[in-house]
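Take a look at the structure below.
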Amino acid sequence: MGRGPELQGAVVAITGAGRGIGRATAKAFADAGARVGVGDIDETAASATAQAIGDAAFPCALDVTDPTSIDAFLEAVSARFGPVDILVNNAGIMHVGLLADEDAAAARRMLDINAEGVRHGMQAALTGMRARGSGHIVNVASSAGSIPYPGGATYSATKAFVLALGTAAREELIDDGIRVTTVLPGIVRTELTSGLETPRFAKAVDAEDVARAIVGAVQHDRPVVWVPRSLGLAATVFNLLPIRVRRRLTRTLGADRYLTGQNSAARRDYERRAAGSTT
């Protein structure tokens, strides 16, 4: 994939595209002239996204915990629009709470969706991309994959997995004409952060901000993208600090309490939905 004009007619498959970042990304690619496969476990949400976009979008049921469902999704998009040029692995959930108290089923689901779903999505797309000698894979991780939050140990670990996976795979695939981008959003105003108050040290962004960053990353072949961009510099500086200084700064800013002790009705509602959802 190349710069802006080449998105015209490109085929994009997006997981978890029924709402949030996925929905905004589907619209952003369609606005750039691409044709978009909208995958989501919530078929109603997928259909709503596709309907809002129009003929350039195609909805499809997708459960990223099931490799056969991922394969079927990519095959369906290819049958409708042609070979997939760009895959956006966006589907993800976040359960919060202390590791010692974490529900095993919730942890397993985060691992299956956030980590294994991305890994298999990449593998499934790579067969066709390598045969054609071109393609771009975008994996939506999180700033938590670089700066883990207390109260989100397993979630942070899944996003660190995505970051490492994409970094290594980019080097493996670059000679095959395939590009890999990892996107690291901070706090995004979507259902995933329901019931969580934005701490004073952070700048929350909208799903549309992340979507624009994803499209720009494909157009300009960026390996890693932080949203907002300033977060990348902050993370780099933070990770260079001694551990004791980092701990003191984390507590002073209240970052250690961002995910812990969250028990609002909005958060509980999201957690219940996430127990059976990929978005």
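The values are calculated or read from the model by the stated rules, or taken from the named source; none is laboratory data. Just so we're clear, the structure is a prediction, and the values are computed from it rather than from any experiment. Quick reminder, even Gly has a Cβ in these numbers, built from the backbone with ideal geometry, and neighbours come from all protein chains shown.
From the list Arg132, Arg80, the lone residue that is at pLDDT 95 or above, touching a Phe, Trp or Tyr at 6+ places or on another chain (Cβ under 7 Å) and surrounded by fewer than 24 Cβ atoms within 10 Å (Cβ to Cβ) is Arg80. Among the conditions (1) in contact with a His (Cβ under 6 Å, 6 or more places away or on another chain); (2) at pLDDT below 95, Pro150 misses just one, which is (1). Val237 falls short on exactly one of the conditions (1) closer than 27 Å to Ala105 by Cα; (2) over 16 Å from the mean Cα position of the chain (by Cα); (3) aliphatic (A, V, I, L, M), and that condition is (1). Looking across the range 123-157, the residues that are assigned to a helix (DSSP H, G or I) and in contact (Cβ under 8 Å) with a residue 60 or more places away in the chain come down to Ala125, Ser143, Tyr155. Taking the residues in the range 189-236 that are among the charged types (D, E, K, R), modelled with pLDDT of 95 or more and touching a strand residue (DSSP E or B) at 6+ places or on another chain (Cβ under 9 Å) as candidates, determine which candidate is farthest from Leu249 (Cα to Cα). This residue is Asp221. Of all residues in the range 258-271, none that is over 17 Å from Tyr155 (Cα atoms) has its Cβ atom under 8 Å from the Cβ atom of a residue that is surrounded by 13 or more Cβ atoms within 10 Å (Cβ to Cβ) and modelled with pLDDT under 80, 6 or more apart or on another chain.
The single condition among (1) part of a helix (DSSP H, G or I); (2) touching a Leu at 6+ places or on another chain (Cβ under 9 Å); (3) surrounded by fewer than 24 Cβ atoms within 10 Å (Cβ to Cβ) that Ala46 does not satisfy is (3). Any residue in the range 99-122 that is touching a helix residue (DSSP H, G or I) at 6+ places or on another chain (Cβ under 8 Å), at pLDDT below 95 and not in a helix (DSSP H, G or I)? Yes - at least one qualifying residue is present in the range 99-122. Count of the range 158-186 residues, restricted to those that are β-branched (Val, Ile, Thr), in contact with a Pro (Cβ under 8 Å, 6 or more places away or on another chain) and either under 24 Å from Tyr270 (Cα atoms) or surrounded by 17 or more Cβ atoms within 10 Å (Cβ to Cβ) (or both), is 3. At least 3 residues being within 16 Å of Asn139 (Cα to Cα) is the threshold, and among the helices (runs of 4 or more DSSP H) wholly inside the range 167-279 those reaching it are 207-220. Looking at Thr65 and the list (1) part of a loop (DSSP other than H, G, I, E, B); (2) crowded, with 24+ Cβ neighbours inside 10 Å; (3) in contact with an Asp or Glu (Cβ under 9 Å, 6 or more places away or on another chain), which single condition is not satisfied? Condition (2) is where Thr65 drops out.
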